[in-house]
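Please read the structure below before turning to the comments.
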Amino acid sequence: MKFLLTALNAKYIHSNPALYSLRAYAVRQDELAAQDVEIAEYTINQSVENIAASIYEKKPDVIAISCYIWNWRMVQELITILGVILPDVPLWLGGPEVSFHTEEILAAYPQLTGVMTGEGELTFFELLEYYREQYLADGGCGENGYGSRKSNTSANLHQIAGIVYRDPENKRICRSADRELTDISTLPFFYEDMADFENRIVYYESSRGCPYRCSYCLSSIDKKVRLRGLELVKKELQFFLDHKVAQVKFIDRTFNCDHEHALAVWRYIREHDNGVTNFHFEVAAGILTEEELKELAQMRAGLVQLEIGVQTTNLQTLKEIRRYEDLDKLQNVTARLKAGGNIHVHLDLIAGLPFEDLESFQNSFNDVYRMRPSQLQLGFLKVLKGSHMEEMAQEYGLVYRQEPPYEVLYTNWISYSQLRLLKGVEEMVELFYNSGQFTHTIPVLETCFKAPFDLYEALAAFYKENGYAVSQPSRMEKYRVLLAFAMQTDGSRESLWKELLTYDLYLRENCKSRPEFAASQEAYKAWIQAFYQKEEQERQFLDGYESYDSRQLQRMTHMEVFGWPVHLPAQELLEFEASAGQSMAEDGCTAVLFDYQKRSPLDGNAAVYPFAVTKADRRKQQ
């Protein structure tokens, strides 16, 4: 018998941990499940026809599909096709997208046999046993080699908790008893063979449930937090460390809700750091303790990244969505995390929340932006099935798309046109802030506007007016567009804008083709060659390059001479501008050596070595 577990992931690099957990649990209960259960993962970028054909060719006896907000549209199409090409194969669904309004889903799709609701490990195993018995009772196969529904009995199905199903006799939709929550320490570790996860993100779960009741989130429904045993967690983390996995993404909803558990995990990964693996956690900043902050401060740069859901800084909105955030502490904690220079900090905002109009959202944006996160995620409210937000939709005047991702269109407080404006701002934040490509240009541009939001609003308008491509623009296109925008904003600072963009470009990569906006280096050519010749003889900056000669050094690194001290933080650069005018002092300029073998583990930028170059220095080489 073949029970096929399948999923349509958002990207190839993603995996579906639910499928692997279901199979691993079934195998632990009965080792025969290893040959009965097969996993097939696809992506939403593939055609539904090709996915259906692939499933057909696998000749499954039963199919179960994992359903989420990002794949539900395609799954609906897939259900329809599978019902035609495999009419005798039982078809089940599971996952958060179908665990609510389940009877309506079954009524809409007569092809479906049933839905597994809630946590599925034990439910799936009992369903597997049920179909194995039916398969054997049918003599090992059904018509055309597939399993048959004909011998299904509703009494047996009804004994399986946690399902909603179609009675095979009278076609009525039935619901069995709810499934009790799982002790997650009893769940097996399913990463024993890393071959299935090569070049993919590894997801890990050390707890289930969330103690908070945020009205927009499904995790609020399950308020009981269950922790995986610490000794198990340490053993499994060591497996990832031993295999030098690039990133382990914890899917715990609020990782630090249990301080003892969080501190123990963080201490373990610090003490057993392999210098390669990065760990991602979603945390509540407001409850981080002093001991936890001190532990995080000791981490290797790049070992840990933290995602913090701020969502809004409007106090009335926070109360309404049942979040109780100490905003002063949030700001202080974020500042401490950033000050260490060793942790990637990702902050989230949600547009379209109750009691937040455009002006309020602008304030929230500016408040969070000024915390200088490594990334600022501007998201839009999604009214999820089963959430409290869905229950309150009419009262809030929430009008949202009825198809996934159920995104808000307008509310009592914010209009559709205002949300469209925020969409433009989101795109600009992604291109020019979150990309990390303009770390010196953008902070100076900000000073031309009253507030950070105004910069991105103006950028969005500039893109729209000029018809620039937002979707997947070329690398150099972004630099050219930002230069044009900067010149429109303040054309008197042309040399500064060009040098800032040149600095940002070489900070990221050793370009073989020199950008058209970069100033000529012909006057410094002899001086730069002399610098590398001296570096070949006396290693002052480039340690680790001992086996290379001066020409090789010059190809592997980059030296740029600037008229402005563009390597300085924005405030210091502006102070220099105010005191020195529109150019460097007559006597000198700044040279910057970019070392691409020594990149920052946080942002990937090259190590830089700036130093002053006087006219007298240059004359020595002329």
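The values are calculated or read from the model by the stated rules, or taken from the named source; none is laboratory data. It should be emphasised that the depicted structure is a prediction, and the values quoted were computed from it without experimental measurement. When we count neighbours, we look across all protein chains shown, and the Cβ atoms used for this are built from the backbone with ideal geometry, even at glycine.
Some points to look at:
- For segment 600-622, a tally of residues being within 29 Å of the chain's Cα centre (by Cα) and either assigned to a loop (DSSP other than H, G, I, E, B) or modelled with pLDDT under 95 (or both) returns 6.
- Extreme residue, nearest to A335 (Cα to Cα), among residues of segment 358-397 that are in a loop (DSSP other than H, G, I, E, B) and touching a strand residue (DSSP E or B) at 6+ places or on another chain (Cβ under 6 Å): P373
- In summary, helices (runs of 4 or more DSSP H) completely within segment 48-142 and bearing 3 or more residues that are in the same structural domain as L32 (by TED's automatic domain parsing) and within 21 Å of Y165 (Cβ to Cβ) occur at 72-85, 102-108, 121-137.
- Residue match in segment 192-200 (condition: in contact (Cβ under 8 Å) with a residue 60 or more places away in the chain and assigned to a helix (DSSP H, G or I)): yes
- Out of S47, S15, S21, S54, one residue alone is of a type in the set (S, T, Y) and surrounded by fewer than 13 Cβ atoms within 10 Å (Cβ to Cβ). It is S47.
- Filter result for R253 (in contact with a strand residue (DSSP E or B) (Cβ under 8 Å, 6 or more places away or on another chain), crowded, with 20+ Cβ neighbours inside 10 Å, among the basic types (K, R) and not assigned by TED's automatic domain parsing to the domain that holds I13): yes
- Cβ pairs under 6 Å, 6+ apart, first in segment 435-446 and on the phi > 0 side of the Ramachandran plot, second part of a helix (DSSP H, G or I) and surrounded by fewer than 20 Cβ atoms within 10 Å (Cβ to Cβ): none
- Filtered by the rule that a residue be touching a Leu at 6+ places or on another chain (Cβ under 7 Å), assigned to a helix (DSSP H, G or I) and not aliphatic (A, V, I, L, M), segment 525-553 gives Y532, E535, E536.
- Within segment 350-367, the presence of a residue that is surrounded by fewer than 18 Cβ atoms within 10 Å (Cβ to Cβ) and modelled with pLDDT under 95 is excluded.
- The residues of segment 456-469 that are without any contact (Cβ under 8 Å) to a residue 24 or more places away in the chain, more than 13 Å from L431 (Cα to Cα) and either part of a helix (DSSP H, G or I) or hydroxyl-bearing (S, T, Y) (or both), listed by number, are E465, N466.
- Residue match in segment 487-510 (condition: closer than 17 Å to Y596 by Cβ, in a loop (DSSP other than H, G, I, E, B) and touching a helix residue (DSSP H, G or I) at 6+ places or on another chain (Cβ under 9 Å)): yes
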